[in-house]
Amino acid sequence: MSEEQRHSVTKQLPIHGRRTLRFPCTLQVSCQVLIDETAWSATVRNISKVGVGLIAGCLFSPGTVLRIHLQAAGQNHVIESNVVYSRSERADSWFHGCQFKAALTNSELAALLASC
């Protein structure tokens, strides 16, 4: 990881009180439900090496497998995750805590944070 990438990771203000640091983010993404390939728009609220917090206009049940499609630093990324929990955010949106099937590397996380 370059010094610039390291700096981009550390310049973000992490959300504490978690197993891993979560970083605030506002990326627009597409989430695809793996079992039926239905796609939904969502916004990333926070991200870490092991998971992501998503705001979506639909409710995904815990255990749902999502393919998250996002673009960062000019590259397309597809990340599979499991919905761990969901809660109502507003009348028309839900927050979903998701765990990645495979943890991100430091350089992958840095690339994503550079686009947040």
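The values are calculated or read from the model by the stated rules, or taken from the named source; none is laboratory data. As the structure is a prediction and not an experimental result, all values here were calculated from the model. Neighbour counts are summed over all protein chains in view; Cβ atoms, including those assigned to glycine, are modelled from backbone coordinates with ideal geometry.
Taking the condition surrounded by 17 or more Cβ atoms within 10 Å (Cβ to Cβ), touching a His at 6+ places or on another chain (Cβ under 8 Å) and not small (G, A, S), does C25 pass? In short, no.
Just one of the listed residues (C25, C98, C58) is touching a strand residue (DSSP E or B) at 6+ places or on another chain (Cβ under 7 Å), at pLDDT 95 or above and not aliphatic (A, V, I, L, M), and it is C98.
For region 77-92, the candidate set comprises residues that are of a type in the set (G, A, S) and farther than 19 Å from E37 by Cα; within that set, the residue that is modelled with the lowest pLDDT is A91. Of the residues making up region 60-116, just one is touching a helix residue (DSSP H, G or I) at 6+ places or on another chain (Cβ under 6 Å) and part of a loop (DSSP other than H, G, I, E, B), namely A73.
Here A72 meets the list (1) under 13 Å from the mean Cα position of the chain (by Cα); (2) of a type outside the set (K, R); (3) farther than 15 Å from S30 by Cβ almost entirely, failing just condition (3).
Close contacts from region 50-72, counting a first residue that is surrounded by fewer than 19 Cβ atoms within 10 Å (Cβ to Cβ) and a second that is of a type in the set (D, E) and at pLDDT 95 or above, with Cβ to Cβ under 7 Å and a gap of 6+ residues or different chains, come to V65/E80; R67/E80.
If the condition is being in contact with a Leu (Cβ under 9 Å, 6 or more places away or on another chain) and over 18 Å from S30 (Cβ atoms), then region 87-102 contributes S88, G97.
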